[in-house]
Amino acid sequence: MLDPYLPDNGNLGYRISRYELELEYKVSSNRLDGTAVLTATSLGELTRFGLDLASSLSVQRVSVNDKRARYSHRRNKLTVTPETPIPPGGAMTITVRYHGSPRPIRGPWGEVGWEELTDGSLCANQPNGAASWFPCDDHPIAKAPYRISITTDSPYHALANGVLESRRVRAARTTWVYEQVEPMPTYLASIQIGQYKQVPLASEPFPVTGLIPPRLEENFGVDFGRQTEMISAFVDMFGPYPFPQYTVVVTDDDLEIPIEAQSFSTFGANHCDGSRDAERLIAHELAHQWFGNSVTASRWRDIWLHEGFACYAEWLWSERSGDRSADEWGRHYYEKLAAHPVRVPLADPTPRKMFDDWVYKRGALTLHALRLTVGDDGFFALLRRWTEKYRYGSVTTEDFMALAANFSSQPLKDLWDAWLFTPELPPFPVGRADR
């Protein structure tokens, strides 16, 4: 089923089980040459099928199961007609060779996807920018493992999702190969290229690394100085970290907002100024590894399951680290929400509003209301069970409501009705001891 929030993205009739991307990129000319090999299974007989791929890229050749296939490519959709129909349950190996100058896809949320930096590039796909650099089934529920090989100019460090399997230097070019074993939705696939210095932050219980411009190393030590403490706090509150490693990238350019990707986060130079003012954002992006990357919303209408949880993690880190409590932050943002009423419910914020700040803050307040209702023991047990039960999976709001019922001694229907399904802002939540 296609997502009504992004009806032009995603495809029917098959399921991709693995992506293998072999990419060559020239930084100076912003030239990308790619070969994508997609392993898929048909869900019914397929005489043709679609893939999402930006029209700014040119397709050279498409084959299905080693046989050349006819195709058309327009309006960001690659339509493929295999030589013979694929039977129900049939295995497909789809190979697409393409090239061009990747650029972001323009939409209601601005420009998303592959973006050039002053000296390098990055990918910010959410929600529908993945097709700006590779052919895909661009739907949040369509998670799969990836192998990403990226060849670029040797002075540059190339990062992609997962674990670095190999790095090979040939003359002035270096090939970096990453294996992302845990299933990943397309919007979290990412490549970062820049003249970065690698800074180790921790080796146990898993590697934590910074990739930064050398000029920012001193500031990085200040702004990201509590990164490993933050990881320990979140592991305690949310359960085991879901991936083999975590990397923080700081670009040499300023960025309007940080960017999440599976197994790493990207910040701008403006977030690394030595003031530690960006620690809230550092907590937010880290929390997405649990809420959004490992446990992923099945539909965009449930975006509060990502952003509300990551926003509440900011408040929890503040509380844990001895700054303002989650309740104080909740009261602070409650006043702001009360001053700007919205006309749509949190559980269905509409496509245009789904990344609005009120979704983040009201989502966090919903969790705070739940915490005050069930108590700290029940609340944190629920979060740990949520990340365990749906690890690497796809979820809906109804899944969270159903699981939460197991951690509450009283019915939660009134809470959900008030906070998730009614546009009006309910009264500020009170704890059991305050009633």
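The values are calculated or read from the model by the stated rules, or taken from the named source; none is laboratory data. Here the structure is a predicted model, which is why all the values come from computation and not from measurement. Cβ: placed from backbone, ideal geometry, glycine included. Neighbour counts: every protein chain shown.
Out of all the residues in the stretch 175-198, is one or more within 26 Å of MET230 (Cα to Cα), surrounded by fewer than 18 Cβ atoms within 10 Å (Cβ to Cβ) and of a type in the set (Lys, Arg)? Yes: one or more hits.
In the set ALA433, ALA418, only one residue is at pLDDT below 95 and part of a helix (DSSP H, G or I); that residue is ALA433. Inside the stretch 83-123, residues that are within 23 Å of ASP8 (Cβ to Cβ) and either touching a residue at least 60 places away in the same chain (Cβ under 8 Å) or surrounded by 16 or more Cβ atoms within 10 Å (Cβ to Cβ) (or both) make up a count of 18.
Considering only residues of the stretch 364-402 that are assigned to a helix (DSSP H, G or I) and among the aromatic types (Phe, Trp, Tyr), which is farthest from ALA283 (Cα to Cα)? Step by step, filter the stretch 364-402, then rank; the result is PHE400.
Is it the case that PRO127 is in a loop (DSSP other than H, G, I, E, B), over 18 Å from the mean Cα position of the chain (by Cα) and at pLDDT 95 or above?
no
Counting just the residues of the stretch 295-332 that are touching a Leu at 6+ places or on another chain (Cβ under 9 Å) and charged (D, E, K, R), which one comes out surrounded by the fewest Cβ atoms within 10 Å (Cβ to Cβ)? Residue satisfying both the conditions and the ranking: ASP327. If you go through the stretch 348-405 and keep only what is aromatic (Phe, Trp, Tyr), under 26 Å from GLY107 (Cβ atoms) and more than 17 Å from the chain's Cα centre (by Cα), you end up with just TRP358. Within the stretch 40-49, being surrounded by 18 or more Cβ atoms within 10 Å (Cβ to Cβ) and either within 18 Å of TYR19 (Cα to Cα) or basic (Lys, Arg) (or both) holds for ALA40, SER42, PHE49.
Taking the listed residues SER72, SER58, the one that is part of a strand (DSSP E or B), outside the structural domain of THR350 (by TED's automatic domain parsing) and closer than 30 Å to TYR156 by Cα is SER58, with no other qualifying.
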